[in-house]
Amino acid sequence: MNPPTVRLEGIDHVALAVRDVSESSRWYQKVLGLEPRHAGVWNGVPTMLGVGTTMLALFPVSGAPRPAPGSDTLIMRHLAFRTDRDGFVQAKGALLAREIPFHFEDHEISHSIYFEDPDGHRLEITTYEV
């Protein structure tokens, strides 16, 4: 008999280490429209931001930040947010208006744009409405 599998509902949060929690919080709210969650708890560490049922937990980096590892290191490569076609077009316009560089990729089943937050975390916005 096989052991049971874990029953999940989805991703609750992704924890990111950032240089300045307040600055990153403002950036994610202003650029991606994430909303503060659980404000006033834990003295702001982590600072929680969310959209739908997904949240980011922003933690201050301890010590001096080191450069991102190369492609030969086991790490999370990027964090992808999903949107519909209209949201995708709007996202491209919002990034252009804020002069945030991004690049487009056609993945056949989806379209994606890739860009970085102020700490260099690679982000993706994708739509399956191609």
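Observations
- Within the stretch 57-69, restricting attention to residues that are surrounded by 10 or more Cβ atoms within 10 Å (Cβ to Cβ) and not in a strand (DSSP E or B), the residue that is farthest from the chain's Cα centre (by Cα) is 65.
- Residue 54 among the hydroxyl-bearing types (Ser, Thr, Tyr), farther than 30 Å from residue 97 by Cβ and open to solvent by less than 60 Å² (accessible area, probe 1.4 Å): no
- Failed condition for residue 100, given (1) in contact with a strand residue (DSSP E or B) (Cβ under 8 Å, 6 or more places away or on another chain); (2) within 19 Å of residue 12 (Cα to Cα): (2)
- In the stretch 70-87, the residues that are open to solvent by less than 70 Å² (accessible area, probe 1.4 Å) and either part of a strand (DSSP E or B) or among the hydroxyl-bearing types (Ser, Thr, Tyr) (or both): 73, 79, 80, 81, 83
The values are calculated or read from the model by the stated rules, or taken from the named source; none is laboratory data. Everything numeric in this text was worked out from a predicted model, so none of it was measured. Because the Cβ atoms are built from the backbone with ideal geometry, glycine has one as well, and the counts that use them run over all protein chains shown. SASA here: full protein model, heavy atoms, side chains in, ligands and nucleic acids out. Shrake-Rupley method; radii C 1.70, N 1.55, O 1.52, S 1.80 Å.
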